[in-house]
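Everything on this sheet refers to the single structure shown next.
Derivation of every value follows stated rules applied to the coordinates shown; laboratory data play no part. Note that this is a predicted model, so its numbers are computed, not measured. Cβ: placed from backbone, ideal geometry, glycine included. Neighbour counts: every protein chain shown.
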Amino acid sequence: MKSIFDSETRDDVIKRIDALNANSSPLWGKMTVAQMMLHCSLTDDYYLGNTKVNRSFLGRIFGKIAINKILKDNSAILSKNAPTSPFFKVTGDIKDVEAEKQKWKSTVEKYATFHNEAFVHFFFGKMTKAQLGQFIYKHTDHHLRQFGN
């Protein structure tokens, strides 16, 4: 299963990010390409330990079941229009797509030096580095596919 912690996978993700531009339109959902880039940068900052989000009550009950289902196999994908924490929701007009692209690529590159072996996700709970790397890739892939990449 692909992981954001694998250098070849990361390089592929960065190439896919580079293919996005101000004219990229979503195949589903309401976010613009710039909003999606900021959303992904915010989630990456969270995974990199730069921000804190409190645990979800529902996540404490259903989190382990959900992450096991998501990571069960390579073909499992995130559903379109899946719910997200309000902390990661992006609204409003973002003018500079290229700045958002560079910011997102920069956060993705930081996964090369990620060392947190016991991450606690706000919904899924405790995750191994392997689980987290796979989930981050699936989340990133989901949004790149949302914009045709």
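Just to verify a number: FRET efficiency for Asn68 and Lys95, C-beta to C-beta distance, R0 = 35 Å, to 0.05? It would help to have the intermediate numbers written out before the result.
Details: r = 40 Å, r/R0 = 1.16.
That gives a FRET efficiency of 0.30.
Treat the count of other C-beta atoms within 10 Å as a stand-in for reagent exposure and order Met127, Met37 from fewest to most. Numbers along the way, then the final one.
Details: Met127 23, Met37 27.
In increasing order of surrounding Cβ atoms, one gets Met127, Met37.
Determine by what factor the alpha-carbon radius of gyration of segment 75-135 differs from 2.2 N^0.38 Å, reporting the quotient.
Details: Rg = 14.5 Å, N = 61, 2.2 N^0.38 = 10.5 Å.
Dividing the Cα radius of gyration by 2.2 N^0.38 Å gives 1.38.
Distance cut-off 31 Å, Cα to Cα: go down the list Lys95/Lys129; Lys2/Lys103; Lys95/Lys126 and report the pairs above it.
Working: Lys95/Lys129 35 Å; Lys2/Lys103 23 Å; Lys95/Lys126 37 Å.
Beyond 31 Å: Lys95/Lys129; Lys95/Lys126.
Of the peptides 10-22, 86-98, how do they stack up when ordered by the mean number of other Cβ atoms within 10 Å, highest first? If you can, show how the numbers build up before the last one.
Details: 10-22: 15.8, 86-98: 11.9.
Ranked from most to least packed, the peptides come out as 10-22, 86-98.
Convex hull over the Cα atoms of segment 1-110, averaged projected area in nm²?
Values: hull surface 30.7 nm².
Over all viewing directions, segment 1-110 projects a mean Cα-hull area of 7.7 nm².
Would you mind checking which residues have amide H under 5 Å from Lys126's amide H? H placed 1.01 Å from N; only 5 or more apart, or other chain.
His121
In whole Å, how far is the Cα centre of segment 97-149 from that of segment 12-75?
Result: 7 Å between the Cα centres.
Relative contact order for the chain using alpha-carbon pairs under 8 Å, separation at least 6, rounded to a whole percent?
On the way: 170 pairs, mean separation 68.0, N = 149.
So the answer I get is 46 percent.
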